Amino acid sequence: MSRPYTKLPAWIDHGVLPLVNVVVAFLVAGLVVLAVGESPVEAARLMLRGAFGYGEGFGFTLYYTTNFILTGLAVAVAFHGGLFNIGGEGQAYVGGLGVALVALNFGSILPWWVNLPLAVVAAGAFGAAWAFLPGYLQAKRGSHVVITTIMFNFIASALMVYLLVGPLRPLGTMQPETRQFDPGGQLPKLGGLFESLGMSLGGAPLNVTFFVALLAALFVWVLIWRTRLGYEIRTLGFSPAAARYAGMKETRLVVTIMLISGALAGIMALNSVMGDQYRLQLNFPAGAGFVGIAVALMGRGHPLGILPAALLFGVLYQGGAELAFDMPTISRDMIVIIQGLVILFAGALENMLRPGVGRLYGFVRLPLTKPVPAEEAR
Amino acid sequence: MDMLGLLNLLDSTIRLSTPLLFAALAGLYSERSGVFDIGLEGKMLAAAFASAAVAALADSAFAGLAAGVGVAILFSLVHGLASITYRGNQIVSGVALNFIASGLTIILGAAWFGQGGNTPTLSANGRFLDIALPGADAVRDVPVLGFVYSGLLSGQNLLVYLAFLAVPFTWWVLYRTRFGLRLRAVGENPGAVDTAGISVTWLRYRAVIICGVLTGMAGTYLSIAQSAGFAREMTAGRGYIALAALIFANWKPVPVMLACLLFGFLDAASIRLQTTALPLIGQIPPQFVQALPYILTVILLAGFVGKSSPPKAGGVPYVKER
């Protein structure tokens, strides 16, 4: 089989190329800033200051980063198995139901450090349950997982609206949300930890879920590159025919991948439901499930790439909020454009710059090394 | 339900089906040629904004239509560039375009019109108004005919008529023209089309451009025919419903129309169901009715209603040298 594009060294493929694509995405975003009559350089400066310039801003940046690590990992795991899970939003939303059920029922009788693992399990289980059917239908019935996960996002939204305006709403309020959790259902903020390092987080909602997210990143690395299941996942993603020929159980594998992916997305709910709002609210994932797509594409599906990519989007979300405050012509929706451009250039148009970068690499390399005959190089 | 109530329900069914029909037919051309398109939502949104903005500035509905179609074609070409020329992932490209449209319409709208992302309210010149068909008043009192002709057929706007005329036209293009034959072939087996000496790339680009024209009309309908201006996120998931209708209809023109009418009817009914209880069943949660198109699509995809047979080469970029 002929490869449509020349093969480049891994460090270019996984390092330089995504970076170049992201830079191009930001340049185009700069044009949009110009179009609304503001200075892109000034906008970037305000954004960075808002994200890193003071303790509370930094706390918010890491809080958003936590969301995006988890949803990014969710998309990445599915990607490795050749599945495109764009249902992270719905899975996170339904995952919030699991978190809320634990916090509402045990918040008054158990301390937070007992409720945390319970909530992780419940959130993961609910998220996985919401990903189960799309996975099962893909494996058994051949219905495209992209379409079914889109549909499940909308169904999740309808279901949660129904629950929050109906059964879950406490009597006597009009707000479509649950009652506030008792102290045992509230995760501790990391303000104290940062204070001991001499940094004030102010009112930033950064909480212990951050460490859960880092553990999840470690878990995904071990799972994908250090276990038998991970090997099977990667084989399936690389070549379904090869996986079948090697006797792997495709149906079970596809369902397993979607369960893990859905669970990771579901755990994201922990951060805002139990770590910040202390109640289940409408639309709390606020697009984090979709940001995960950009994060996973940018990070090339590797936890070491996903962490910085999630941080970048954390910076964009927090910095973007500050920017919207300082530059009234630019609203937070600027982030949505940047996100779209990153997905476009790092994902869909990744082959556009590949020949150019490859040529540049060849141009730089040739004087340094002896040219290798084409036949031997293969 | 009385006669007037039924008439109102059917009338809003037609009005709510129109944007779905345009968008689903748009997806039909693109996907039949082998290019999956989940960017319908974004193209509709971008077109809705462009048409409302230009209609407001030029005070002309047709200038608005041209702008809406133009912008949707531009978005389609980006999708074509990514998925045809650079053989990128079509799903990823569609997702990206949805994001870009969602953010761009709000940022530009807020910057240009200063109304939080909305465009100014359009005057009558900038909108497609309802057209009374000849003789509608005369036959109003004839029992069934008058009901259908003057109540439903007459008094819609130009784009509604265009959408429903596009159905037989699409059928004719697809099944009775050379272009249609090749379009269907390139979605099933691009290699065979290539061997016959026909350019796969150019065929797919044409399909993608037609998709732009139709999504442009869908968006234009939303902002300058159904309402009098653009409001942020005004497509509200209709692009995905259209996608669902397309799958539901098994990528065929006449079933597409029926699916769109069904989903339009569910939409119209869900508004009324919030206040009335059904006999025997009682009060249905309106959220359930809203989710019904998505639930039905999943059930259909699972193969419980019928077999869905998407174009075989759909979603796969074509590599010539093999």
Failed condition for B:PHE230, given (1) over 16 Å from the mean Cα position of the chain (by Cα); (2) in a helix (DSSP H, G or I): (2)
Output the residues belonging to segment A:166-186 that are more than 10 Å from A:LEU104 (Cα to Cα) and hydrophobic (A, V, I, L, M, F, W, C). A:LEU168, A:LEU171, A:MET174
What single numbered condition from (1) crowded, with 24+ Cβ neighbours inside 10 Å; (2) under 21 Å from A:PHE210 (Cα atoms) fails to hold for A:LEU307? (1)
Of the residues A:LEU164, A:LEU137, A:LEU133, A:LEU116, which is within 13 Å of chain B (Cβ to nearest Cβ), in contact (Cβ under 8 Å) with a residue 24 or more places away in the chain and of a type in the set (A, V, I, L, M)? A:LEU164
If you scan segment B:70-127, which residues turn out to be facing chain A (nearest Cβ under 8 Å), on the phi > 0 side of the Ramachandran plot and either among the β-branched types (Val, Ile, Thr) or out of contact with any Pro (no Cβ under 7 Å at 6 or more places or on another chain) (or both)? B:GLY117
With respect to the numbered conditions (1) surrounded by fewer than 16 Cβ atoms within 10 Å (Cβ to Cβ); (2) facing another protein chain (nearest Cβ under 8 Å), which one is the sole condition not fulfilled by B:ILE131? (2)
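Test A:PHE126 against the criterion of being at negative phi, surrounded by 19 or more Cβ atoms within 10 Å (Cβ to Cβ) and within 14 Å of another protein chain (Cβ to nearest Cβ), and give yes or no. Don't jump to the end; show me each part of the working.
On the way: at negative phi: yes; surrounded by 19 or more Cβ atoms within 10 Å (Cβ to Cβ): yes; within 14 Å of another protein chain (Cβ to nearest Cβ): no.
Taking the combined requirement at face value, the residue does not satisfy it.
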Filtered residues of segment A:271-286 (kept if closer than 15 Å to A:TYR63 by Cβ and either under 10 Å from the mean Cα position of the chain (by Cα) or at pLDDT 90 or above (or both)): A:ASN271, A:SER272, A:VAL273, A:MET274, A:GLY275, A:ASP276, A:GLN277, A:TYR278, A:PHE284, A:PRO285
The one condition in (1) touching a residue at least 40 places away in the same chain (Cβ under 8 Å); (2) outside any helix (DSSP H, G or I) that A:ARG169 fails to fulfil: (1)
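Yes/no matrix, rows are residues, columns are (1) at pLDDT below 90; (2) closer than 30 Å to A:THR256 by Cβ:
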| residue | (1), (2) |
| --- | --- |
| A:LEU137 | no, yes |
| A:MET151 | no, yes |
| A:MET160 | no, yes |
| A:VAL165 | yes, no |
| A:PRO205 | no, no |
Per the filter on segment A:146-161, residues facing another protein chain (nearest Cβ under 7 Å) and under 27 Å from B:GLN90 (Cβ atoms) are A:VAL146, A:ILE147, A:THR148, A:ILE150, A:MET151, A:PHE154, A:ILE155
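The values are calculated or read from the model by the stated rules, or taken from the named source; none is laboratory data. Being a predicted model, the structure only gives us computed values, none of them experimental. Cβ sites come from the backbone with ideal geometry, for glycine too, and all protein chains shown count toward neighbours.
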